[in-house]
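> Got a structure for you, questions after.
The values are calculated or read from the model by the stated rules, or taken from the named source; none is laboratory data. Keep in mind the model is a prediction, meaning the values are calculated, not measured. Positions of Cβ are backbone-derived with ideal geometry, glycine not excepted, and every protein chain shown enters the neighbour counts. The protein model used for the area step is the full one, side chains on, heavy atoms only, and it has no ligands, DNA or RNA in it. Shrake-Rupley method; radii C 1.70, N 1.55, O 1.52, S 1.80 Å.
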Amino acid sequence: MVGPWLVFQRWDNGVLACRRLNAMLPLRRDQFDNLEKHTQSGIEFVERYTKFVKERTEIEISYAKQIRNLSKKYQPKKNSREEEENKYTSCRAFLSTLNELNDYAGQHEVIAENLSSQIIAELSRYLTELKAERKSHFQDGRKAQQHMESSWKQLESSKRRFERDCKEADRAQQYFEKMDNDINVTKADVEKARQQAQMRHQMAADSKTEYSNFLTKFNQEQNEHYYTVIPSIFQKLQEMEERRIERVGMSMKTYADVDRDVLPIVGKCLDGMTKAAESIEPKTDSKQVVDSYKSGFEPPGDLEFEDYGPGQAMKRTVSETSLSNSRGEGKERPSGGKSKGKLWPFIKNKNKGSGPEDFSHLPPEQRRKKLQAKIDDLNKDIQKEMDQKDALTKMKGVYEKNPQMGDPASVDPRLAEIAQNIEKLQFEVQKFEGWLAEVEGRLPSKSDPPRRQSGLYETQNSNSSTVGNNCAQDRESSPDGSYTEEQSSETQAKVTISNPPEVDDEFDDDEETLPTIGTCKAIYPFEGHNEGTISVTEGELLYVIEEDKGDGWTRVRRNEDEEGYVPTSYVEVFLETNAKDS
């Protein structure tokens, strides 16, 4: 079977005439040259496609790097305003988007890695094999070509020799006949001419036989060359080319599959971004803003009417809701009456970032939050010291039972130091709790109607020492951080405000950190919109600090700062053994 790439002339009867040899060999060389050019262009195509994939890989790596840098650039900085804003749902959603974007960049790195390993490396290795195989096939073709050229030259040489011998035989025969017809020539000369003619005829016959043998041999080799050797080489080249084309097609399919394989994970990243966007709650964010900046100030009272009298100048009244400082603010008035300075709600505090230990420079509500946070931090420090004390006490007990393990007295200095630290921290807690009780006593209750007041705000206490102490603590700073003392015409008609109710012991007990009595796992999600409740997600683990007392609610704690009630039916409770016994 002759392959489809064989393009040459089929000769009649399988015999090639000598006069057609010169036209045959260039025909064969032309086809080999064409095939050589075509297979070389196929190799160049594979190299070009490999370069294309390599450049795509570099783009993916660069893109992934830029995406990662972008995500890192917009991550909130530690101990910065951005980190504080993460309490808002919109900021948390943006942070989740940045995290998903970082994972999205990772998928582009996976694309680059797979393109490099599955296409670039494979095609580079295949190109080396392809070039070696192509070189081998064309070397075989050149050897066959050289063999045919050698046979053709031998045939041409025998043919010329046959032709020459035939001409020599003809001339010898003509000479013999001439000598034989000449009566003047001796018989010896005639015999010599006859022998010469016979010899030439014999040489011509030998040359003819040789030429015939060479021709037969050449025709056989030529037939084998064009019907066996060359078709085999062309068939191998054809198969090689088909494998190359198939390999390129497989690489193109792999190119698409590499992108398709990461689409599910990319889709999850995009779903995470969508979920983060849907988790934004404008009302929750606005409520947090209100809670963060709620001052706790009471609205100012109505101003009293001052009648004009002869010889009596009307006194100027400073507005407590002014957005700018009055011209005479902060100056002393000739009268001895003083009013308590107030931090005006619309003016920036110039002393932001610094203030007294009791946070008295802050509005009441913000001061309460700061004091509570300080108390919580101190309680954490006390708990750490207590844990260290318990550990050292146990160590001392081990040393007392086994003196060879250590000296019990060596632990006493550290125990004494811890005891002093606990005493100092407890004193600090009492101090801040006193300030907190004072603030919470002065804050208006949510259920109380707003009071309309006029004149001076003043707190009267039963004994003078308490009055002096409270006067120092009750003053809030003015907008520029200083304290204002103003003369009021209403000092003669002061509105007396009763003392705030004392904080009872039951309230103090509620504010103390309750011990953990077990753990629980949320089996359903709970939003916890009502006051006193806490939101939980399905599968979340929490600490139980108060079990259900029959009302269907269990009190839990997420961390040191978050605690509240959840429905008992929404969680699976695991109480500790000592808690169950009690």
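> Quick check: pseudo-label points 7 Å beyond the Cα along Cα→Cβ at N223 and E113, how many nm apart are they?
That separation, rounded to one decimal, is 6.4 nm.
> Order the following by accessible area, largest value first: Y308, Y49, Y524. Probe radius 1.4 Å; ligands, DNA and RNA are ignored.
Y308, Y524, Y49
> State, as an integer percentage, the relative contact order of the range 167-300 based on alpha-carbon contacts under 8 Å between residues 6 or more apart.
17
> Let me ask another. Which whole-Hz couplings ³J(HN,Hα) result when phi for each residue of the range 243-250 is put into the Karplus expression 6.51 cos²θ - 1.76 cosθ + 1.60, θ = phi - 60°, listed in order with x for Gly and Pro?
5, 4, 5, 4, 5, 5, x, 4
> Sorted by accessible area with a 1.4 angstrom probe, largest first, how do H225, H529 fall?
So the residues, ranked largest to smallest area, are H529, H225.
> Under the definition of Cα pairs under 8 Å and six or more residues apart, what whole-number percent is the relative contact order of the range 107-244?
36
> Using amide H atoms built 1.01 Å from N in the peptide plane, name the residues 5+ places from T554, or on other chains, whose amide H lies under 5 Å from its own.
V566, T568
> So if I take the centroid of the Cα atoms in the range 29-51 and the same for the range 213-267, what is the distance between those two points in Å?
About 12 Å separates the Cα centre of the range 29-51 from the one of the range 213-267.
> Need the full-extension length gain, K384 to N181, defined as separation in residues times 0.36 nm minus the C-alpha distance. One decimal, nm.
That works out to 58.3 nm of additional length.
> When only DSSP loop residues count, what trypsin sites (Lys or Arg not before Pro) in the range 530-582 have their Cβ near at most 11 other Cβ atoms within 10 Å?
K549
> Skipping prolines and chain starts, which residues have an amide H placed within reach, meaning under 5 Å, of the one on G518, given they are 5 or more residues away or on another chain?
Amide H neighbours of G518: V544, E576.
> Whole angstrom only: what separates the Cα centroid of the range 531-569 from the Cα centroid of the range 100-114?
The range 531-569 and the range 100-114 have Cα centres separated by 40 Å.
> Still on this structure: I need the calculated FRET efficiency for the pair A419 and F574, taking r as the beta carbon distance and R₀ as 51 Å, to the nearest 0.05.
Calculated transfer efficiency: 0.90.
> If you don't mind, another one. Can you work out the Karplus-derived ³J(HN,Hα) for every residue in the range 145-153? Use 6.51 cos²θ - 1.76 cosθ + 1.60 with θ = phi - 60°, whole Hz, and x for glycine or proline.
Each residue's phi maps through the Karplus curve to give 5, 5, 5, 5, 5, 5, 5, 5, 5 Hz.
> Just by accessible area at a 1.4 angstrom probe, what is the order of S90, S569, S292 from largest to smallest?
Putting S90, S569, S292 in descending order of accessible area: S569, S90, S292.
> If you don't mind, there's one more thing I want to ask. Solvent-accessible area of R368, probe 1.4 Å, all protein chains present, reported in Å² to the nearest ten, please.
60
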